[in-house]
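Data first, discussion second: the structure below is written as structure tokens.
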Amino acid sequence: MPKTIFTWFILLSAITFFGCQKTSIEADYLITDGTIIDGTGNPSYTGDIALKDDRIIFVGEADTANIKADVKIDASGLIISPGFIDPHTHSHGDLRGSENNSNLNYLTQGVTTVITGNDGDGPFDIAGAFSELSANGIGTNVAFMVGHGTVRKEVLGGADVTPDTSELERMKELVAKAMESGALGLSTGLYYAPGSYSRTEEVIELATTVAEYNGIYDSHIRDESTYNVGLIEAVKEALEIGRQANISVNISHIKALGVDVWGKSSEVIELIEEAQNDGIEVTADQYPWSASGTHLENAVVSRWVMAGGDKEYYQRLDDQKLLPRIKSEIKENIRKRGGASSLLITADSRDTTMIGYNLEEISVRLGKDPVETALIICRNGGARVASFNMNEEDITNFMQQPWVMTSSDGTKGHPRKYASFPTKYHKYVKEKGVLSIESFIRSSSSLVASTFGIGERGLLKTGHFADIILLDSSEFKPMADFSNPELLSEGVEYLFVNGVLTIDQREFQGNLSGQVLRRD
């Protein structure tokens, strides 16, 4: 063979050899042979996922790539899903402390990100909240809503008043500063004092400020039953705020609460879909329980009794001239909740012997009627209650809507804080077939991320943050119930938060790899 031809032959062979060599992908973890449900709602498929640092660097079939990983996890028989994002929690207090800042009750549900500050209770000093939690260390990611009620208290106290021009400007300044610090949006609790004292126009002004930062308006609407304006009018108010402020609207823990509005879910859905067709972005979140949770006074005492703060509130409860009206309204509110037997004392009662019993049972024990019993509890500092006031038809009707997300509204004494996501899966996916597993995961991940502006999370996608859960579909189930509300859920085999293995073979590793998330 001539020298020149031989030289070219050797060169071509070398190019071919080295060109065929796959560039290796260096990974910290390679998860193989799992059932991937990516969060889009698309059908599942078998595949592999590689992680490096805090990111997903590969999704597909690993044998088509040259992946070198420090740790391999065999996910055969497991579901690989994006970490769940809970759009409505009350986690701020837990995350600020040292005992529960791991947020283990959420991690064991598959939740890797929580949103807090809902119902109008979010801090207005968002920057301060971020700094505090970053320094403390947290087990899940967290994002904040700025609370209308908190802003109102700062400017107006607890008074039942309308802000003047300067007071409203001050409220708008606080909201703007919170948004500039990274809040996701404005939350309201228009059913609760002091949010209940606000007029719609006040909320529109604040929501308009939030819209300038591309934030969201998230509302515990003014009435979920027939307490004041009624469920339908309260939904209309939320939609009108969205229309006037040109802002996306999320209706918190959507429900038809109490016997007077059972069956109204279809009318609510129709209203929301009409607004969507008109160009308003509207979503809702929902917890999968027939019982809501609140304080007894919020459930049965009218808001005018609470105006001005605790001192005035307790004085009115003992005012002999006012008591006939107060008692009459308490009686009616107990009826709306489904009767005294539907109100279960769950926590925060000074008389701890009442916990685990309903208002009717306590009334029999005390030899009092339910109204007098409710007053005794309220005068003694109140208590948390689970209120069994929803029906299954409305729950499933809301749940099946493609714009409804999974949430917990987790509060002390109610199992929803420990078991909402596995309850929705176990009851409504596995047992009743109300949702497909792909729809359940989408409603618990990407739908929340896109709604609230949380970037690069909620999907199993190359380049996204590595918030990932591996579930045993036959074992993912709640353990908490109303008798034992603080039992950790089961079935999360592995869980990553920002690429850090936080649950390994169902065992919490003690890692606090959560991050404070700002509006995208």
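The values are calculated or read from the model by the stated rules, or taken from the named source; none is laboratory data. Model, not experiment: these values are computed from the prediction. Don't worry about glycine lacking a Cβ; one is built from the backbone with ideal geometry, like all the others, and counts go over all protein chains shown. For accessibility, only protein heavy atoms count, side chains too; no ligands or nucleic acids. Shrake-Rupley method; radii C 1.70, N 1.55, O 1.52, S 1.80 Å.
Which is more than 19 Å from G433 (Cβ to Cβ), without any contact (Cβ under 8 Å) to a residue 24 or more places away in the chain and of a type in the set (G, A, S), of G367, G410?
Values: G410 fails: without any contact (Cβ under 8 Å) to a residue 24 or more places away in the chain.
Only one candidate passes the filter, namely G367.
Note down all Cβ pairs under 7 Å where the first residue falls in the range 96-110 and is within 14 Å of N511 (Cα to Cα), the second is of a type in the set (D, E) and modelled with pLDDT under 95, and they're at least six residues apart or on different chains.
Short answer, once both residue conditions are applied: none.
For the range 191-230, enumerate the residues that are among the aliphatic types (A, V, I, L, M), closer than 21 Å to L296 by Cα and either part of a helix (DSSP H, G or I) or open to solvent by 10 Å² or more (accessible area, probe 1.4 Å) (or both).
A193, V229
Name every residue in the range 483-499 that is buried (at least 20 other Cβ atoms within 10 Å of the Cβ) and hydrophobic (A, V, I, L, M, F, W, C), in order of residue number.
Across the range 483-499, the qualifying residues are V492, L495, F496, V497.
Can you work out which of the residues in the range 502-517 that are buried (at least 19 other Cβ atoms within 10 Å of the Cβ) and of a type in the set (A, V, I, L, M) is farthest from the chain's Cα centre (by Cα)?
The residue in question is I503.
Return the pairs, sorted by first residue and then second, in which the second residue is among the acidic types (D, E) and open to solvent by 30 Å² or more (accessible area, probe 1.4 Å), the first residue lies in the range 294-320 and is modelled with pLDDT under 95, the beta carbons are less than 6 Å apart, and the residues are 6+ apart or on different chains.
S302/E329; A307/D160
Pick from G93, G77: which is loosely packed, with under 14 Cβ neighbours inside 10 Å, at pLDDT 95 or above and under 30 Å from K412 (Cβ atoms)?
G93
Please work out which one of (1) more than 14 Å from the chain's Cα centre (by Cα); (2) under 17 Å from G293 (Cβ atoms); (3) modelled with pLDDT of 95 or more; (4) open to solvent by 30 Å² or more (accessible area, probe 1.4 Å) is the condition K417 fails and give its number.
(1)
Given the structure, is F452 open to solvent by less than 50 Å² (accessible area, probe 1.4 Å) and touching a residue at least 40 places away in the same chain (Cβ under 8 Å)?
Against the criterion (open to solvent by less than 50 Å² (accessible area, probe 1.4 Å) and touching a residue at least 40 places away in the same chain (Cβ under 8 Å)), F452 qualifies.
Any idea which of S134, S166, S181 is surrounded by fewer than 18 Cβ atoms within 10 Å (Cβ to Cβ), under 27 Å from N100 (Cα atoms) and among the polar types (S, T, N, Q)?
S134
Restricting the first residue to the range 229-246 and requiring it to be over 12 Å from V203 (Cβ atoms), which pairs with a second residue that is open to solvent by 10 Å² or more (accessible area, probe 1.4 Å) and not basic (K, R) meet a Cβ separation below 6 Å and a spacing of at least six or different chains?
If the second residue must be open to solvent by 10 Å² or more (accessible area, probe 1.4 Å) and not basic (K, R), the pairs left are L231/E224; V235/L271; R243/I280; N246/A211.
Kindly indicate which of I334, I345 is under 32 Å from the mean Cα position of the chain (by Cα), under 20 Å from S483 (Cα atoms), of a type in the set (V, I, T) and open to solvent by less than 20 Å² (accessible area, probe 1.4 Å).
Going through I334, I345 in turn, just one is under 32 Å from the mean Cα position of the chain (by Cα), under 20 Å from S483 (Cα atoms), of a type in the set (V, I, T) and open to solvent by less than 20 Å² (accessible area, probe 1.4 Å): I345.
For G367, work out the one condition from (1) within 28 Å of L470 (Cβ to Cβ); (2) open to solvent by 50 Å² or more (accessible area, probe 1.4 Å) it doesn't fulfil.
Every listed condition holds for G367 apart from (1).
Could you look through the range 23-71, keep only residues that are in a loop (DSSP other than H, G, I, E, B) and free of Cβ contacts under 8 Å to residues at least 60 places away in the same chain, and pick out the one that is surrounded by the most Cβ atoms within 10 Å (Cβ to Cβ)?
Residue satisfying both the conditions and the ranking: A65.
What are the residue pairs meeting all of these: first residue in the range 463-480, first residue under 10 Å from P422 (Cα atoms) and open to solvent by less than 30 Å² (accessible area, probe 1.4 Å), second residue small (G, A, S) and assigned to a loop (DSSP other than H, G, I, E, B), Cβ atoms under 7 Å, and 6 or more apart or on different chains?
Between residues of the range 463-480 that are under 10 Å from P422 (Cα atoms) and open to solvent by less than 30 Å² (accessible area, probe 1.4 Å) and residues that are small (G, A, S) and assigned to a loop (DSSP other than H, G, I, E, B), the close pairs are F476/G491.
If you scan the range 72-116, which residues turn out to be under 16 Å from K424 (Cβ atoms) and assigned to a loop (DSSP other than H, G, I, E, B)?
G83, P87, H88, T89, T108, Q109, G110
Out of curiosity, is T188 surrounded by fewer than 22 Cβ atoms within 10 Å (Cβ to Cβ) and of a type outside the set (K, R)?
Criteria not met by T188.
Kindly state which helices (runs of 4 or more DSSP H) lie completely within the range 353-399 and contain at least 2 residues that are closer than 24 Å to K311 by Cβ.
Counting at least 2 such residues, we get 370-379.
Could you tell me how many of the residues in the range 421-445 are of a type in the set (S, T, Y), surrounded by 24 or more Cβ atoms within 10 Å (Cβ to Cβ) and assigned to a helix (DSSP H, G or I)?
So the answer is 2.
Go through the range 192-223 and give me each residue that's in contact (Cβ under 8 Å) with a residue 40 or more places away in the chain and more than 19 Å from P163 (Cβ to Cβ).
Result: Y213, N214, G215, I216, D218, H220.
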